1. When you look at R171, is it free of Cβ contacts under 8 Å to residues at least 24 places away in the same chain, outside any loop (DSSP other than H, G, I, E, B) and basic (K, R), yes or no?
2. Return only the number of the condition from (1) over 17 Å from K245 (Cβ atoms); (2) open to solvent by 60 Å² or more (accessible area, probe 1.4 Å); (3) more than 35 Å from the chain's Cα centre (by Cα) that A219 does not satisfy.
3. Testing Q214 on (1) surrounded by fewer than 13 Cβ atoms within 10 Å (Cβ to Cβ); (2) modelled with pLDDT under 90, one condition comes back false. Which one is that?
4. Given the condition out of contact with any helix residue (DSSP H, G or I) (no Cβ under 6 Å at 6 or more places or on another chain) and closer than 30 Å to K315 by Cα, answer yes or no: does some residue in the range 278-285 qualify?
5. Quick test for you: out of L196, L121, L163, pick the one residue that is outside any loop (DSSP other than H, G, I, E, B), in contact (Cβ under 8 Å) with a residue 12 or more places away in the chain and under 30 Å from the mean Cα position of the chain (by Cα).
6. Pull up the range 15-52, narrow it to residues that are among the hydrophobic types (A, V, I, L, M, F, W, C), within 26 Å of V416 (Cα to Cα) and out of contact with any Leu (no Cβ under 8 Å at 6 or more places or on another chain), then point me to the one that is surrounded by the most Cβ atoms within 10 Å (Cβ to Cβ).
7. If you go through the range 3-14 one residue at a time, how many are open to solvent by less than 30 Å² (accessible area, probe 1.4 Å) and part of a loop (DSSP other than H, G, I, E, B)?
8. For the structure I just gave you, tell me whether S151 is touching a residue at least 24 places away in the same chain (Cβ under 8 Å), crowded, with 19+ Cβ neighbours inside 10 Å and not in a helix (DSSP H, G or I).
Amino acid sequence: MKSARFIDLEEALFMWILQERNKKHTITPDVVKTKAEVLFSMLKEKRKYSNEVTFAATNGWYDRFRKRYGLRMLTVSGEKASGDIEAFTSFKSNFLQVILENGYEKHEIYNADESGLFFKLLPSRTLTLHDEDIAEGRKVIKSRVTFMPCSNIDGSNKLPLMLLGTAQNPRTLPKDKSSLPVYYRSSKKAWMNRILFREWFYDQFVPSVKAFAQKHNRAPRALLLLDNCSAHHDGGDILECDDIKVAYLPPNVTSLGQPMDQGVLNAIKKRFKKKLMLRLLLSDEDLSIEEKLKGISLREVICWLHQSWEEISGKTIEGSWKNLIDEYPYFTLENEVKQWLNDSVYDMNSNILTGDCDLYTDQEIVDYVPNRQENSSLEFDTSNEFDQSNTIPNDAIRIVRFDEGRDKHDKAMECVEYLIDFLEDEGDTLEVIKLHNVKSKLIELEWKRRRES
């Protein structure tokens, strides 16, 4: 319940963290503590703190600072930080233009993406007892297949999974692969290649689109969205059939907006692993885990993958498109569509908001931190119209601090700080936490305003 001692330092440090996370940089506790000491030295040079005041970036201070500003540690995962945001933003605009110009409905736009699956790989996390220091693992069995789901936006036409194995005729599968619930093919390393993908496009995708259109009395047309993998095209031969066309994402944007990569593939794998673990734990209790793993056949893998794909709802699939299509247009009112297409987002000064960002330097961060009351002693600007030698009522101080010539952001910050102090005295912890969130938002807004100026 105690207030922070180094408020100016923590505010400057938080602003620096906002900038680093905006650049997707990895920030560790040691980096934060070192940066805090650097900023403290700069603040002392600016006379924000007296020479007698000392600061040590201890573990205790770091934990309290992290809780005060709602910071947490997460495991770095995926490749999103390496994505080409500029190229993805441009593609989003162009892709929406294609949808509007051609009048594509949700059921006419598809996405397909392949992923590898180590189907005998056990989970890397397990439940342990309180006195266990380590969870022993087992030898990794790297039996691998590649599967590829494909569906339209609303999930109304989910094609059977394409499955790639290493054997052309596995002994557990029938010779007639058409009886399987998946589209099975093989390659030496169970990887996708141009020949296999081209075969899938003309033998599976095109017939499926035409059958779906005929079933619903619609024209057989579709737009298949693919990533820029070399297995999907050879740079010259264009995959298309009548009104069934293909569009390609730019390089390095799969992690940013490839629909199937935004949770669908992971959802299938999670469901598959659940079925695998249930099979290992609840059957053949006399056998060891290793013996059970060896007994898992490709037929079982196909069955589990098919069931996992069937369990994926249309709502989940449609949600995976949110990063690529913010709001799907409807084609009832042509003028409204054109107006919506040409819409832009503006700030308070009527400037178009863009993704460009001019970052603060450390010196600018330090200069930004407002003057505060230190050790209950007030510091006044020499230009203040009041005589500093006299005792000044608090009301008079408020009048000077909130005159019309002051910056709106400074006024807002001091209003919030005043409310925080007031509610802390009243013991209203919940409202104080909410106001700290408002304060953080004000810092972000000021940052955006300065980068545009």
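1. No: the conditions fail for R171.
2. Tallying (1) over 17 Å from K245 (Cβ atoms); (2) open to solvent by 60 Å² or more (accessible area, probe 1.4 Å); (3) more than 35 Å from the chain's Cα centre (by Cα), A219 fails exactly one: (1).
3. Every listed condition holds for Q214 apart from (2).
4. Yes: one or more hits.
5. Step by step, each of L196, L121, L163 is checked, and only L163 is outside any loop (DSSP other than H, G, I, E, B), in contact (Cβ under 8 Å) with a residue 12 or more places away in the chain and under 30 Å from the mean Cα position of the chain (by Cα).
6. The extreme case among them is M15.
7. 2
8. So S151 fits the description; yes.
The values are calculated or read from the model by the stated rules, or taken from the named source; none is laboratory data. Model, not experiment: these values are computed from the prediction. Glycine gets a Cβ as well: all are built from the backbone with ideal geometry, and neighbour counts include every protein chain shown. SASA here: full protein model, heavy atoms, side chains in, ligands and nucleic acids out. Shrake-Rupley method; radii C 1.70, N 1.55, O 1.52, S 1.80 Å.
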